[in-house]
Amino acid sequence: MRAIFHADREWGIGKNNGLMFSIPQDMKFFRETTKGKVVVMGLNTLLSFPNGKPLKNRVNIVLCPDDVPEDVITVHSPEELFQEVKKYPEDDVFVIGGASVYRLLIPYCTEVLVTRVDAVGGADTFVPDLDADENFELAYESAPVEDNGYTLTFRTYRNLAPKPY
């Protein structure tokens, strides 16, 4: 299992249940990386998509207490989620938000793909600082890229001690 998100300088990932930045290269990277794969999210993340509809060309798994009447697989607990994701190749499963789902599942992820935006986006939603987490090492960082007025890098963090599930 892996996680994917964009974060600002303060490890902020969102504002008002949406993205802080409109960055076409980040959206393209997300689409290309997750297309044909399995995405795991909480209900608020699902509801933040256009019309609250699941992402196309992906298996959408929503972790929430209630059943979701969309074309998704609903799981109600971490244990149920882990049983469900075991049905898929480990590298095909991506955690895509929100913050509470990231906090819960990042310790189980072998890698975390971060588009790091060199800006402060006024976030109200944050993820753990992987640079300060001794269980994670920066395995890859792209050269800086300019897009839509922002400087960003694409980073891969490797979890040195992923929790088993």
- Identify, from the list VAL93, VAL85, VAL75, the residue that is in contact with a helix residue (DSSP H, G or I) (Cβ under 6 Å, 6 or more places away or on another chain) and farther than 26 Å from MET20 by Cβ. VAL75
- Complete set of residues in segment 118-140 that are in a strand (DSSP E or B), touching a residue at least 24 places away in the same chain (Cβ under 8 Å) and over 21 Å from SER100 (Cα atoms): ALA139
- Task: Scan segment 112-138 for residues that are out of contact with any Asp or Glu (no Cβ under 9 Å at 6 or more places or on another chain), crowded, with 20+ Cβ neighbours inside 10 Å and β-branched (Val, Ile, Thr) and jot them down.
- Result: VAL112, VAL114, VAL127
- Query: Of all residues in segment 25-52, which are among the basic types (Lys, Arg), in contact (Cβ under 8 Å) with a residue 12 or more places away in the chain and within 29 Å of VAL120 (Cα to Cα)?
  - Reply: LYS35
- Residue pairs meeting the criteria (Cβ under 8 Å; at least 6 apart or on separate chains; first in contact (Cβ under 8 Å) with a residue 40 or more places away in the chain and more than 13 Å from ASP124 (Cα to Cα), in segment 1-24; second part of a loop (DSSP other than H, G, I, E, B) and hydroxyl-bearing (Ser, Thr, Tyr)): MET1/THR110; MET1/TYR165; ARG2/THR110
- Message: So if I check each of ILE96, ILE106, ILE61, which one is on the phi < 0 side of the Ramachandran plot and assigned to a helix (DSSP H, G or I)?
- Response: ILE106
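Coordinate-derived values only; no laboratory data. Just so you know, these numbers come straight off a predicted model, no measurement behind them. For neighbour counting, all protein chains shown are included, and Cβ atoms are generated from backbone atoms with ideal geometry for every residue, glycine included.
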